[in-house]
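To start, the structure under review is shown below, and the notes come after it.
The values are calculated or read from the model by the stated rules, or taken from the named source; none is laboratory data. These figures come from a predicted structure and were not determined experimentally. Here the Cβ positions follow ideal geometry from the backbone for every residue, glycine too, while neighbour counts run over all protein chains shown. Heavy atoms of the whole protein, side chains included, go into the accessibility calculation; ligands, DNA and RNA do not. Shrake-Rupley method; radii C 1.70, N 1.55, O 1.52, S 1.80 Å.
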Amino acid sequence: MVVTFTVTDQDNGAWAVLRVSGELDLVTSPVLRQRVHDVVAEGRHRLVLDLSEVWFCDSSGVGVLIASRRLLRSCQGRLRLILPARGAADGSHVNKVLGALGVRRLFEIHPDVPSAVDEDARPLSA
């Protein structure tokens with residue numbers, strides 16, 4: 001079985017949006033890490049990672065999310081994640097993994113792109 005992993009760019013005003021789909025694991029996480037570094041190297045310091053189409057995430061994927069947060073914070077940037085609005089209730093594997101590891105509270109979680117790029121939007125509660 002071939003699993004497709006894609007990361008697509010979407011410009012959304014002040015925010016760069018990376019839509020991620022597929023499995024975020026040991027094999028694919030370096031791809032996402034590189035794309036995040038590329039965005040920051042371009043001088044974009046407001047990043048949304050749309051993870052609503054990621055159906056599997058392992059510890060290396062979580063590591064990339066935490067490293068991305070650290071990178072953006074180091075340049076006074078912001079990182080927001082998009083997970084399904086009801087999170088684990090909707091079966092979001094990423095949400096379950098972040099919650100199980102106790103790191104979900106580190107991230108600003110939003111239900112969709114319009115919310116994530118809205119400066120006044122309130123993140124979903126942890």
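Here Leu47 fulfils each of the conditions (1) assigned to a strand (DSSP E or B); (2) touching a residue at least 40 places away in the same chain (Cβ under 8 Å); (3) of a type in the set (A, V, I, L, M) apart from (2). Just give me the residues in the stretch 1-33 being touching a helix residue (DSSP H, G or I) at 6+ places or on another chain (Cβ under 7 Å) and assigned to a helix (DSSP H, G or I), in sequence order. Passing the criteria: Ser29, Leu32, Arg33.
Quick one: in the stretch 50-62, which of the residues that are among the small types (Gly, Ala, Ser) and open to solvent by less than 40 Å² (accessible area, probe 1.4 Å) is farthest from Ile109 (Cα to Cα)?
Taking the candidates together, the pick is Ser60.
When the test is whether a residue is touching a strand residue (DSSP E or B) at 6+ places or on another chain (Cβ under 9 Å), at pLDDT 90 or above and open to solvent by 60 Å² or more (accessible area, probe 1.4 Å), Val40 does not pass it.
Of the candidates Leu79, Leu65, Leu71, the single residue that is outside any strand (DSSP E or B), modelled with pLDDT of 95 or more and open to solvent by less than 30 Å² (accessible area, probe 1.4 Å) is Leu65. Of the candidates Ala116, Ala100, the single residue that is open to solvent by less than 40 Å² (accessible area, probe 1.4 Å) and modelled with pLDDT of 90 or more is Ala116. Please find, within the stretch 1-35, the residue that is surrounded by the most Cβ atoms within 10 Å (Cβ to Cβ) out of those that are under 19 Å from Pro123 (Cβ atoms) and under 11 Å from the mean Cα position of the chain (by Cα). Step by step, filter the stretch 1-35, then rank; the result is Val20.
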